[in-house]
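Structure first, then comments.
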Amino acid sequence: MKAVQIKQPGGPEQMVLVDVEVGEPGPGEIRIRHKAVGLNFIDVYHRTGMYPLPLPATIGMEASGIVEAVGEGVTHLKAGDRAAYASQPPGSYCEARVMPAKTVCKLPDSIDFDTGAAMMLKGLTAQYLLKKTQPQDRLKEGDFVLFHAAAGGVGLIACQWARAMGLQLIGTAGSAAKCALAKEYGASYVIDYSKEDFVARVKEITGGRGLKVVYDSVGKDTWDKSLECLMPFGLMASFGASSGPPAPFAPGALGAKGSLYVTRQTLFSHIATRESTQAMADDLFDVVGSGKVKIRIDQRYPLADVQQAHRDLEGRKTTGCTILTL
């Protein structure tokens, strides 16, 4: 089978298409033939070595396809099932693979393969952020939240899901067009941070009260100002670093800013068990199936064009979700 591998960390040119052998699944494993593969910023972290992997490595965390075979002990899937996943270990940039079964979920017939590949990692991320990553006083209907990169794959899902929960999501993006997209998909307010001071705008929107929570996948470029947006006992929820990791800071600064909380979340802590994975996936399938959340796929690239897909992703030329087609 064809797979995209890296032999050393670096730029998009390090990803090459190679032939690999795909064997039979062992205990607790499945073999899946992919129909579509999701593209995510964590793939860039793996490619560059920010999140190191044993080399050579096939990267990619998300895909959909048909289960071809199941190993001993796998009971929730069978050969012929439509399935989708966001899962460790990396390896989805390929035509077929053997992988652990515990985080692979049966895909409802009402959801097509492209949507399944585009929504699992990003949709499950939005789910654990809005439903599980909560400030001390919990989020209640009518509360304001700030969500950076609101026109991206996770952001557009979060805009819609927050609206369905009765939250007022303030979305930031780097252009007027991206702000308009976030607004179209449910953001109550939008801020173009290339032109506006988002701290001042947040204080204006909230009547000076600030926010219970900021959801930040940008990192270095937004970190300090995001802390300024929080009310006392507010929560800074970091879940990525597309602009680079934030600078080290003294914990005492959190006290001076109002006894703030800081957390660094990862999806893979939340989907560590079969039970938690399925519960989160069921929530995602329900909200997508109801039409309250629509999965927008704005870019499709053949697997062989993965280098260009990464260039566009890093160059902030993408909106919504991106998939690799097979």
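The values are calculated or read from the model by the stated rules, or taken from the named source; none is laboratory data. If you're wondering where the values come from, they're calculated on a predicted model, not measured in any experiment. All Cβ positions, even for glycine, are placed from backbone atoms using ideal geometry, and neighbour counts span all protein chains on display. For the accessible areas, the whole protein counts, side chains as well, though only heavy atoms, and no ligand, DNA or RNA atoms are used. Shrake-Rupley method; radii C 1.70, N 1.55, O 1.52, S 1.80 Å.
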Two-site label geometry, ASP109 and GLU184: point separation in nm, points 7 Å out along Cα→Cβ
3.2
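Within the chain, what whole-number % of the accessible surface is contributed by carbon and sulfur, with the 1.4 Å probe and all protein chains included in the calculation? Don't skip to the end; give the middle numbers.
Numbers: 6940 of 13270 Å².
On the chain, the fraction of accessible area on carbon and sulfur atoms equals 52 percent.
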Please list, ordered by chain and number, the residues whose modelled amide H lies under 5 Å from the amide H of ASP298; skip anything fewer than 5 residues away on the same chain.
CYS321
So what J values fall out for the range 38-49 if you push phi through Karplus, 6.51 cos²θ - 1.76 cosθ + 1.60 with θ = phi - 60°, rounded to Hz, Gly and Pro as x?
x, 10, 9, 5, 4, 5, 5, 4, 5, 5, 7, x
Kindly write out, for the range 58-67 in residue order, the coupling ³J(HN,Hα) from the Karplus curve 6.51 cos²θ - 1.76 cosθ + 1.60 (θ = phi - 60°), rounded to whole Hz, with x marking Gly and Pro.
9, 9, x, 10, 8, 6, 9, x, 10, 5
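Just how large is the dipole of the chain about the Cα centre, in debye to the nearest 20, putting +1 at every Lys and Arg Cβ and -1 at every Asp and Glu Cβ? Each step should come with its number before you reach the end.
Details: 36 positive and 34 negative charges, 118 e Å.
Dipole size: approximately 560 debye.
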Calculate how many DSSP beta bridges within the chain are antiparallel, expressed in % of all such bridges and rounded to the nearest 5.
55
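Provide the per residue accessible area, probe 1.4 Å, for the range 210-326, rounded to a whole number of square angstrom. Present the calculation step by step, with values, prior to reporting the outcome.
Numbers: 5180 Å² over 117 residues.
That works out to 44 Å² per residue.
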Members of LYS132/LYS220; LYS195/LYS220; LYS106/LYS183; LYS131/LYS195; LYS131/LYS292 lying beyond 22 Å, as alpha-carbon distances in this model show
LYS132/LYS220; LYS106/LYS183; LYS131/LYS195
accessible surface per residue for the range 24-125, probe 1.4 Å, DNA/RNA/ligands not counted, whole Å² -> 34
Under 5 Å between amide H atoms, partner at least 5 residues away or on a different chain: which partners does GLN168 have, H built in plane at 1.01 Å?
GLY142, ASP143, PHE144, VAL145
Using the Karplus equation 6.51 cos²θ - 1.76 cosθ + 1.60 (θ = phi - 60°), what ³J(HN,Hα) coupling, rounded to whole Hz, does each residue of the range 233-249 give in order, writing x for Gly and Pro?
6, x, 10, 9, 9, 8, 9, x, 7, 5, 9, x, x, x, 5, x, 9
The range 205-237 residues near the modelled SER259 label - backbone nitrogen below 15 Å, point 7 Å along Cα→Cβ:
231-235
Roughly how many whole Å is it from the C-alpha centroid of the range 33-47 to that of the range 126-196?
23
Rough spin-label spacing in nm, given labels placed 7 Å along Cα→Cβ, for ASP298 and LYS195:
1.7
In nanometres, the difference between 0.36 nm per residue of separation and the alpha-carbon distance of ASP305 and ALA279 is 5.9 nm
Could you work out [θ]222 nm for the chain from helices alone, using -39500 (n - 2.57) per DSSP H run of at least four and dividing by all its residues? Round to the nearest 500 deg cm²/dmol.
-8000 deg cm²/dmol
List the residues of the range 44-77 whose backbone N lies under 14 Å from a point placed 7 Å from the Cα of VAL16 along the Cα-to-Cβ direction.
56-58
For the peptides 141-153, 162-174, 23-35, what is the packing order when you average, over each peptide's residues, the other Cβ atoms within 10 Å and list the highest mean first?
141-153, 162-174, 23-35
Compute the separation of the alpha-carbon centres of the range 88-120 and the range 259-322 and state it in Å as a whole number.
12
Largest-first principal axis extents, alpha carbons of the range 1-128, Å
39, 33, 21
